[in-house]
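Working notes for the structure below.
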Amino acid sequence: MIEIKEVKEPKRIPVIGSIMGMFTVFRHLFQKPVTVQYPEVKEELADRFRFRVYLSTDDCVGCTLCEQVCPNLSITMMNLDKENQRNKRKIYPSVNFGTCTVCRNCEEICPTDAIYLKEVFETARTKNNFMYSPTDLEKGEEEVKR
Amino acid sequence: MENKGLKEKYIELNMGPQHPSTHGVLRLKLLLDGETVKNVEPVIGYLHRNAEKICELDFYCDALIYFDRMDYVGAMNMEVGYLEAAEKLLNIEPPERVVWIRTVMAELNRLASHLVWAGAFGLDLGMLTPFFYVFEQREKILDLFTEICGSRQETNYMSIGGVYQDFNDKIIYKIKEFTKQFPKKLDEVYNLLAKNDIFISRTKNVGILEPEVALDYGVTGPMLRASGVPYDVRKAEPYLAYDRVNFDIPISKGKDVLARFVVRFEEMRQSVKIINQAIDKIPDGPYFNPKARKSLMLRLRGEGDVYARTESPKGEFGVYLVGDGSVKPYRVHVRSPSFKNLSILPYLSKDVLIADMVAISGSIDLVFGEVDR
Amino acid sequence: MNLLLRISSILSVFGHYPSFILAYIIETLMVIIFATVVVAGMVYLFRKYMARVQMRVGPNRVGKAGILQVMADGLKLIQKESIMPEGRDDLAYKVAPVLIFFGLIMGFIFIPYGPLAWFGQLTVSHSDVSLIIIFALIAIMPIGEILSGISSNNKYAVLGALRGVAKDISFEVPMMLSILAVVMMASVKVSNPLDINGVVVAQSIPFAILEPLGFFVFLISMAARASYSPFDMGESDSELVTGNTTEYTGLRFGLFYLGLFGTIFLGSMLISTIYLGGYYGPYTNYAGFIWLLIKTVVLVVISLTIWLSMPRVRIDKFVTFGWKYLLPISFINLIITGILIFGGIA
């Protein structure tokens, strides 16, 4: 059965409605601002908020699944000389944050949980290049900036 | 100055793509006779990102992020639309819990989308303040999304056969908190706008759209319902859990801009009703289908073709998928509601004033990610 | 004792005539400074008030609580390059913002500011017809608006200017008729009813109570004169970008901006002098100026609330409203005033 509700035009009294509207606006003067003064005050982040991609090179097996699943080719595999028994081909993902959309597909598909995301989001810098090599991905944001 | 006197009767005026009134990057070529609009020609394509074609180049699971970015203020509804089609094509049935979770998320996002519309419509009419009141509420919804999905707008929350992460008690409590305070705030904004005499004089009997014309042009969604046609995909062809919740289709006989306004606000109230029912009915169970678990994400193969339609905040959102048995879709086609609704603008704004034209284009609720795809 | 005499008595070491000339110059400078400070304060008040009403914080970076933000913005506007559109009407394009600012500043000179403690009467310039002069000066501002619109070779600007003209002619006749009623009312009590000071003196009962209709008409006219929402069809930002000021940049744009806020303040001041008893209040001999300021600020806050809570009127609706409702109302007001005077009530 289809339930239909006919919506009528708003009931109003001329002029009084407008003045009540003005009063509503004026009343908000005494409300606390809802905005947050960002650099000084930081809002509490939600538990599941994720932004920055991290990589644990010890766990990475070089399966290239993350490269395949990445929707906009932000992840490319890169050679890295590192002793890792499980990663015979010695290839590790590098991420271009300029195009990363934080879809978290790489995190979901990684069979060894080597790639994971964290809530770090302040990645702005003057450098014009957002390519993160596997070693960069392992480090924290502070270290990479230096 | 060389130009001695006006030689032509009509002025041609470009509105947009960089113009404060246009939503996104709409460009309108106006032919003006003084203040009267003689002809409107919408020029689109400034936000064309080739989304359909890119979807065809990637795996089934990857297309979601492009659907997120079609209607970026109602991303959940886009995801639902794609997954309705993809899950039919890939023969993956989402578990019962997922169906209810998706219903809640889609309705929350419908609220967010309509709120953005209400604020932008106020701005179109020159009203600054309601914009901030609705955005405060929208921000609460987006905070909920961050809590649930990990990101605000382009959430990529749903996946084929499931959702990204499960609901927990804290989230359910927060959603209930939100819906408890929301109707009061909604009424406040509604009264602020709809009880204003100038607002009524700007919207009443402006842009009258007869139901026959609306059907001819393929207009759907609140635009169509404001013309008095009770057509809603959620009722006509129920998907998700919409056949198991109790809600009404708001229609109006007004056919004008004001009718679209009241219909959208009533729809928000109905959405709150749906959320309140659905949040209590979420059953226990897995939050993804093991057939589409994450390690199999790249191995989903589909064959045949399928069309699924859903009710996005803007109207009927259809997705046509063709699979050729490989891991990538052969063809993705989108029937986007904003694009179809935009086609009515030249018809509605014949011989109206510029101010009315702006009000009409505001009432259509255009999101350009979806028009241009 | 008034301000002029106070200043000249301080400067009396220079002799009688030079001290008066110097005093005049100083007084004029003081008015210009007052007007500028008031306008800057208006901009700050508006931004802060708008922010708080919309649950934001508003300017808070430059100076304590963002007080210096206006100054910083002003400096930025001065530094900016003035872009000259091609195909402009050069003289008109350059004169228009100056005209607007000139009309505004001159309007401030004839307002009766009332007495303030030791300074005495603050009123700058007296004239037997100051009421007429003020409205003549305010009438300069639309000329600037129109010139800027038609000279900047921009379709939006032309449309904005045309709307401005349509708006102006539809409210100025009712406005002057309501002023006529005020003059009639004042002529019963004082011998100089065309002097704005005489109008203030005549208000033992504020004219807003005796002439509510005229007050209403004048309120709407002043809102339309300042052209803020709901009467900002001339610069409606969602339709015509910013109307007649579309092509202006830098300092010239700043003058238009000052003109807008200054007109709100001047309009509120005029309403409070003509209809709300001006500087009259308790202890009027010491704090008359304070009373005027309080009345004006309350009116300004009301205007800003209207600005922030109303959508824009469509131009044809406003023209209809002006000719079909405001004009008859002001005529009725005139008749009622006549009856009141004839009956000896006022």
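The values are calculated or read from the model by the stated rules, or taken from the named source; none is laboratory data. Not measured: the values here are computed from a predicted model. Quick reminder, even Gly has a Cβ in these numbers, built from the backbone with ideal geometry, and neighbours come from all protein chains shown.
In the range B:216-230, which residues are surrounded by fewer than 20 Cβ atoms within 10 Å (Cβ to Cβ) and in a loop (DSSP other than H, G, I, E, B)?
B:Gly218, B:Gly228, B:Val229, B:Pro230
In the range B:269-280, is there at least one residue being away from every other protein chain (no Cβ under 14 Å), of a type outside the set (A, V, I, L, M), more than 30 Å from B:Asp58 (Cα to Cα) and surrounded by fewer than 24 Cβ atoms within 10 Å (Cβ to Cβ)?
Yes, the range B:269-280 has at least one match.
Can you name the number of the only condition in (1) more than 14 Å from chain B (Cβ to nearest Cβ); (2) surrounded by 20 or more Cβ atoms within 10 Å (Cβ to Cβ); (3) outside any helix (DSSP H, G or I) that C:Arg312 fails?
C:Arg312 satisfies every listed condition except (1).
Hey, C:Gln54 hits all of (1) within 25 Å of the chain's Cα centre (by Cα); (2) surrounded by 19 or more Cβ atoms within 10 Å (Cβ to Cβ) but one; which does it fall short on?
Condition (1) is where C:Gln54 drops out.
Just wondering, is there one or more residues in the range C:192-207 that are among the polar types (S, T, N, Q), in contact (Cβ under 8 Å) with a residue 12 or more places away in the chain and surrounded by fewer than 20 Cβ atoms within 10 Å (Cβ to Cβ)?
yes
May I ask you to list the residues in the range B:160-195 that are within 12 Å of chain A (Cβ to nearest Cβ), closer than 30 Å to A:Lys11 by Cβ and in contact (Cβ under 8 Å) with a residue 12 or more places away in the chain?
Answer for the range B:160-195, where residues must be within 12 Å of chain A (Cβ to nearest Cβ), closer than 30 Å to A:Lys11 by Cβ and in contact (Cβ under 8 Å) with a residue 12 or more places away in the chain: B:Lys185, B:Glu188, B:Val189, B:Tyr190, B:Leu192, B:Leu193, B:Ala194.
Would you confirm, using the coordinates I've provided, whether B:Ile249 is closer than 26 Å to B:Tyr82 by Cβ, facing chain A (nearest Cβ under 8 Å) and hydrophobic (A, V, I, L, M, F, W, C)?
yes
Can you tell me which residue among A:Thr135, A:Thr126, A:Thr112, A:Thr64 is within 14 Å of another protein chain (Cβ to nearest Cβ), more than 27 Å from A:Ala46 (Cα to Cα), of a type in the set (Val, Ile, Thr) and over 16 Å from the mean Cα position of the chain (by Cα)?
None of the others qualify; the one that does is A:Thr64.
Would you be able to say whether some residue in the range C:91-101 is among the small types (Gly, Ala, Ser), at negative phi and in contact with a Phe, Trp or Tyr (Cβ under 9 Å, 6 or more places away or on another chain)? Break it down into steps so the answer makes sense when it comes.
Of the residues in the range C:91-101, the ones among the small types (Gly, Ala, Ser) are C:92, C:96.
Narrowing further to those that are at negative phi: C:92, C:96.
Filter again for in contact with a Phe, Trp or Tyr (Cβ under 9 Å, 6 or more places away or on another chain), leaving C:96.
Yes.
Being among the acidic types (Asp, Glu) and more than 12 Å from chain A (Cβ to nearest Cβ): is that true of B:Asp232 here?
So B:Asp232 does not fit the description; no.
Out of the residues in the range C:291-309 that are among the hydroxyl-bearing types (Ser, Thr, Tyr) and surrounded by 23 or more Cβ atoms within 10 Å (Cβ to Cβ), state the one that is farthest from C:Ala166 (Cα to Cα). Please lay out each step first, then the result.
Step one: of the range C:291-309, the residues among the hydroxyl-bearing types (Ser, Thr, Tyr) are C:296, C:303, C:305, C:309.
Subsequent filtering for residues that are surrounded by 23 or more Cβ atoms within 10 Å (Cβ to Cβ) retains C:296, C:309.
Values: C:Thr296: 28, C:Ser309: 24 Å.
Restricting to residues being among the hydroxyl-bearing types (Ser, Thr, Tyr) and surrounded by 23 or more Cβ atoms within 10 Å (Cβ to Cβ), the top hit is C:Thr296.
It is to be established whether one or more residues within the range C:163-171 are surrounded by fewer than 21 Cβ atoms within 10 Å (Cβ to Cβ), farther than 24 Å from C:Val301 by Cα, β-branched (Val, Ile, Thr) and within 14 Å of another protein chain (Cβ to nearest Cβ).
Yes - at least one qualifying residue is present in the range C:163-171.
Being in contact (Cβ under 8 Å) with a residue 60 or more places away in the chain, within 14 Å of chain B (Cβ to nearest Cβ) and either surrounded by fewer than 23 Cβ atoms within 10 Å (Cβ to Cβ) or over 30 Å from B:Met357 (Cβ atoms) (or both) is the filter here, so list the residues in the range C:315-346 that pass it.
C:Val319, C:Phe321
The rows are residues; the columns are (1) touching a strand residue (DSSP E or B) at 6+ places or on another chain (Cβ under 8 Å); (2) farther than 26 Å from B:Phe67 by Cβ; (3) surrounded by 14 or more Cβ atoms within 10 Å (Cβ to Cβ); (4) of a type in the set (Asp, Glu).
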position	(1), (2), (3), (4)
A:Val41	no, yes, no, no
A:Phe49	no, no, yes, no
A:Arg52	yes, no, yes, no
A:Thr57	yes, yes, yes, no
A:Cys63	no, yes, yes, no
A:Pro71	no, no, yes, no
A:Ile75	yes, no, yes, no
A:Leu80	yes, yes, yes, no
A:Asn84	no, yes, yes, no
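I'm checking my understanding of the structure. Among residues of the range C:52-90 that are within 12 Å of chain B (Cβ to nearest Cβ) and in a helix (DSSP H, G or I), which one is farthest from A:Thr24 (Cα to Cα)?
C:Asp90
Residue under question is B:Arg309, and the condition is that it be under 14 Å from the mean Cα position of the chain (by Cα), surrounded by fewer than 24 Cβ atoms within 10 Å (Cβ to Cβ) and either at pLDDT 85 or above or polar (S, T, N, Q) (or both); does it hold?
Numbers: under 14 Å from the mean Cα position of the chain (by Cα): yes; surrounded by fewer than 24 Cβ atoms within 10 Å (Cβ to Cβ): yes; either at pLDDT 85 or above or polar (S, T, N, Q) (or both): yes.
Yes, satisfied.
Among B:Ser113, B:Ser151, which is buried (at least 21 other Cβ atoms within 10 Å of the Cβ) and either farther than 21 Å from B:Ile275 by Cβ or touching a residue at least 24 places away in the same chain (Cβ under 8 Å) (or both)?
Details: B:Ser151 fails: either farther than 21 Å from B:Ile275 by Cβ or touching a residue at least 24 places away in the same chain (Cβ under 8 Å) (or both).
Checking each option against the conditions leaves just B:Ser113.
In the range C:1-47, what residues are exposed (fewer than 13 other Cβ atoms within 10 Å of the Cβ) and part of a loop (DSSP other than H, G, I, E, B)?
Across the range C:1-47, the qualifying residues are C:Met1, C:Gly15.
Between a residue in the range C:209-223 that is assigned to a helix (DSSP H, G or I) and any residue that is among the acidic types (Asp, Glu), which pairs come within a Cβ distance under 6 Å, given they are 6 or more apart or on different chains?
Within 6 Å, no pair qualifies.
Select from the range B:346-365 the residues that are buried (at least 21 other Cβ atoms within 10 Å of the Cβ) and away from every other protein chain (no Cβ under 14 Å) and list them in ascending order.
Hits for the range B:346-365 are B:Leu348, B:Ile364, B:Asp365.
Identify, please: which residue in the range A:1-34 is more than 8 Å from chain B (Cβ to nearest Cβ) and buried (at least 17 other Cβ atoms within 10 Å of the Cβ) and is, among those, nearest to B:Asn196 (Cα to Cα)?
My answer is A:Met22.
Here is a yes/no grid of residues against (1) touching a helix residue (DSSP H, G or I) at 6+ places or on another chain (Cβ under 6 Å); (2) surrounded by fewer than 20 Cβ atoms within 10 Å (Cβ to Cβ):
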| position | (1), (2) |
| --- | --- |
| C:Ile67 | no, yes |
| C:Ala72 | no, yes |
| C:Lys80 | yes, yes |
| C:Pro85 | no, yes |
| C:Leu91 | no, yes |
| C:Leu104 | yes, no |
| C:Pro112 | yes, no |
| C:Gln121 | no, no |
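Which one is nearest to the other protein chains (Cβ to nearest Cβ), of the residues in the range A:35-61 that are within 30 Å of A:Arg89 (Cβ to Cβ) and aromatic (Phe, Trp, Tyr)?
A:Phe51
Six or more apart or on different chains, Cβ under 7 Å: which pairs go from a residue in the range B:55-83 that's among the small types (Gly, Ala, Ser) to one that's in a loop (DSSP other than H, G, I, E, B)? Could you list them?
B:Gly74/B:Pro313; B:Ala75/B:Gln153; B:Ala75/B:Glu154; B:Ala75/B:Thr155
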